[in-house]
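Structure first, commentary second.
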Amino acid sequence: MKTSKQTRTSMACDDPRQRTRSKNKNQYFTDVHGLPCIEKLVCSVDETPQPITTKIRGTIPSWIHGNFLRNGPGKFEFGNTQFNHWFDGMALVHQFRIEGGTVTYMSRFLNSDCYKANAENNRIVVSEFGTLAMPDPCKNFFQRFLSRFEMQQPTDNASVSFVEYKGDYYVSTETKFMHRIDPETLETKGKVDWSKFIAVNGATAHPHTDPDGTTYNMGNSYTSKGASYNIIKVPPEKINPDDTLEGATVICTVPCEDKTKPSYYHSFAMSENYVVFIEQPIKLDLLKIVTGKMRGKGISDGVYWDPKLQTVFHLINKHTGRLSPIKYYANPLSTFHQINCYEENGFIIMDMCCSDDGKAINNFLLQNLRKSGDALDEVYNTICRIFPRRFVLPLVVGKDTPCGQNLNTRPDSPATATKTGKNKVYCTHEDLHGDDLHEYGGLEFPQINYKMYNTHPYRYFYACGFRHLVGDSLIKMDLQDKHMKIWQQPGYYPSEPVFVPSPNAVVEDDGIVLSVVITPNKDKSTFLLVLDAKDFEELGRAEVPINIPYGFHGAFHAGI
């Protein structure tokens with residue numbers, strides 16, 4: 001079934017969620033009814049430490065050789081205590097080993113200190129993003145009272161993504177801790193503390209890597225003088241076999257406009273020569289966070305959205321560490337993931353997933369994800385939709401640059417960049433989609449052919465459509481004409497799509513797309529989906545005879 005703007009490769013269904021209309025043109029809220037319950041997507045499971053076989057339907061291309069690694073929460077309670085937020089669940093790492101057209105599956109809980117402590121005490125003893133660990137009930141009243149005044153220690157529950165530094169794989173979150181993981185066995189090989197190498201209190205779970213293996217990341221510093229943002233550079237090679245983050249340096253420090261209330265950021269953008277930090281109006285109230293235990297509140301209580309603030313784009317030269325004096329401003333927006341960023345003809349073209357409201361991070365409480373009926377519909381309908389947008393930032397802006405005129409001279413680009421004062425440029429975006437994307441609830445978890453096209457002009461990206469609180473479709477977007485191809489099946493919830501190029505590929509979309517599909521209404525029927533990246537048709541699937549929770553991010557580790 002084809003239309004002028006999209007191609008669907010899905011089972012036909014009369015889904016009430018397709019009756020979607022926009023309540024507010026700017027906010028993209030919706031009015032949908034009849035969302036199916038997805039409670040089983042966020043239920044605890046047992047680990048599967050030994051590889052098990054999967055049932056293949058269709059064909060898994062024989063040239064695919066490697067491990068598809070996934071990360072996400074897999075345990076949501078200990079004893080009689082339960083986590084409050086989706087992000088709080090204990091990390092469960094997964095491996096789909098693909099070789100010769102066959103697939104095996106295994107999983108292990110991350111052997112983190114917080115997991116071991118929670119398991120040993122059979123209750124939650126380490127606070128997470130949305131969950132405050134309560135005092136030990138075996139202590140007397142005075143001891144429990146005093147424990148309220150202790151500083152919360154950062155968790156090492158690295159449940160967000162798989163990242164690579166110096167050829168090693170790590171699982172990470174947004175604290176100062178990562179864990180090195182053996183991609184073949186999923187064993188936890190050791191904990192790494194960023195603060196032992198550089199003066200940062202954490203780093204993002206989404207670094208960027210240059211072709212030579214040099215890796216860049218961002219991390220905050222919290223001192224008596226307030227907070228600042230830091231651009232981190234990690235060298236590509238080890239000096240010694242046991243090296244982890246040795247040689248890491250801070251190449252630039254960006255001051256916070258409000259040192260007691262820095263912006264939250266989940267990722268950043270990077271072109272060939274620049275890091276672009278997006279300072280957004282999602283703020284961290286440091287006073288609330290450090291006094292949270294005393295007040296009986298989790299970290300999430302200190303995260304808030306301030307729509308009175310503009311978004312600021314900061315440019316940092318990767319080679320010199322110099323922060324550009326030009327600040328690029330945009331209307332308040334929220335962004336978690338960038339799609340791609342590159343330089344062309346004196347401009348930085350930055351594509352990212354954006355919404356006009358930043359309250360969603362506090363909406364993913366487990367109690368919300370486990371709702372049904374009208375209560376579930378209400379949660380979904382009050383979360384702002386996320387859409388792909390392009391900003392065009394002129395690199396050459398001087399004292400002689402005229403104010404009040406659009407500096408974006410790129411043909412057929414509706415994005416604008418207007419100098420409004422000394423060292424100030426105001427930017428508006430171009431929508432990287434047509435109206436048909438509204439039917440699929442916007443998109444998130446974007447991925448590209450990273451190895452060949454990151455920091456370069458590109459044409460395609462892949463993402464999840466969000467007609468539910470989690471992804472319920474897969475989308476291939478062609479930026480040449482904003483044409484979409486869709487994979488969807490009712491009751492199936494695909495995770496982040498990861499592109500794997502074909503051997504000796506010369507065309508951008510010559511390869512396959514991998515996604516783990518969760519089926520909450522069918523017991524033990526999760527499967528690894530393999531799509532042809534060109535036509536977005538299903539090639540095959542590997543069915544796993546166990547239940548798997550919905551996860552966050554992953555990576556493909558090619559076999560040798």
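The values are calculated or read from the model by the stated rules, or taken from the named source; none is laboratory data. As the structure is a computational prediction, the values presented were derived from the model and not from experiment. So basically every Cβ, Gly included, is an ideal-geometry build from the backbone, and we count neighbours across all protein chains shown. Accessible surface is based on the protein model in full, side chains and every heavy atom, while ligands, DNA and RNA are left aside. Shrake-Rupley method; radii C 1.70, N 1.55, O 1.52, S 1.80 Å.
Quick look at the values:
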read-out: Residue among Glu257, Glu272, Glu237 that is open to solvent by 30 Å² or more (accessible area, probe 1.4 Å) and over 28 Å from His429 (Cα atoms); value: Glu237
read-out: Those residues of segment 250-273 which are among the polar types (S, T, N, Q) and assigned to a strand (DSSP E or B), in sequence order; value: Thr253, Ser263
read-out: Single match in Gly321, Gly247 (criterion: out of contact with any helix residue (DSSP H, G or I) (no Cβ under 7 Å at 6 or more places or on another chain), outside any strand (DSSP E or B) and open to solvent by less than 20 Å² (accessible area, probe 1.4 Å)); value: Gly321
read-out: Residue identified as more than 23 Å from His337 (Cα to Cα) and basic (Lys, Arg) among Arg467, Arg459, Arg410; value: Arg410
read-out: Top-ranked residue in segment 309-326 [being under 25 Å from the mean Cα position of the chain (by Cα) and not polar (S, T, N, Q); ranked as farthest from Ile349 (Cα to Cα)]; value: Leu309
read-out: Hey, Thr155 closer than 26 Å to Phe96 by Cα, in contact (Cβ under 8 Å) with a residue 12 or more places away in the chain, surrounded by 15 or more Cβ atoms within 10 Å (Cβ to Cβ) and under 20 Å from the mean Cα position of the chain (by Cα) or not; value: no
read-out: Selected residue (criterion: surrounded by the most Cβ atoms within 10 Å (Cβ to Cβ)) from residues of segment 514-528 that are free of Cβ contacts under 8 Å to residues at least 60 places away in the same chain and within 20 Å of the chain's Cα centre (by Cα); value: Ser515
read-out: Residue that is modelled with the highest pLDDT [pool: residues in segment 223-244 that are in a loop (DSSP other than H, G, I, E, B) and of a type in the set (Val, Ile, Thr)]; value: Thr244
read-out: Given (1) in contact with an Asp or Glu (Cβ under 7 Å, 6 or more places away or on another chain); (2) modelled with pLDDT under 95; (3) under 26 Å from Leu539 (Cβ atoms); (4) open to solvent by 60 Å² or more (accessible area, probe 1.4 Å), number of the condition Gln6 does not satisfy; value: (4)
read-out: Residues (assigned to a loop (DSSP other than H, G, I, E, B), among the aliphatic types (A, V, I, L, M) and buried (at least 19 other Cβ atoms within 10 Å of the Cβ)) located in segment 541-556; value: Val544, Ile548
read-out: Residue in segment 349-359 that is farther than 21 Å from Leu443 by Cα and of a type in the set (Asp, Glu) present; value: no
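Listed here are the residues, each with its yes/no results for (1) surrounded by 17 or more Cβ atoms within 10 Å (Cβ to Cβ); (2) more than 30 Å from Pro549 (Cβ to Cβ).
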| residue | (1), (2) |
| --- | --- |
| Thr311 | yes, yes |
| Pro332 | yes, yes |
| Ile349 | yes, yes |
| Cys354 | yes, no |
| Leu369 | yes, no |
| Gly373 | no, no |
| Tyr380 | yes, no |
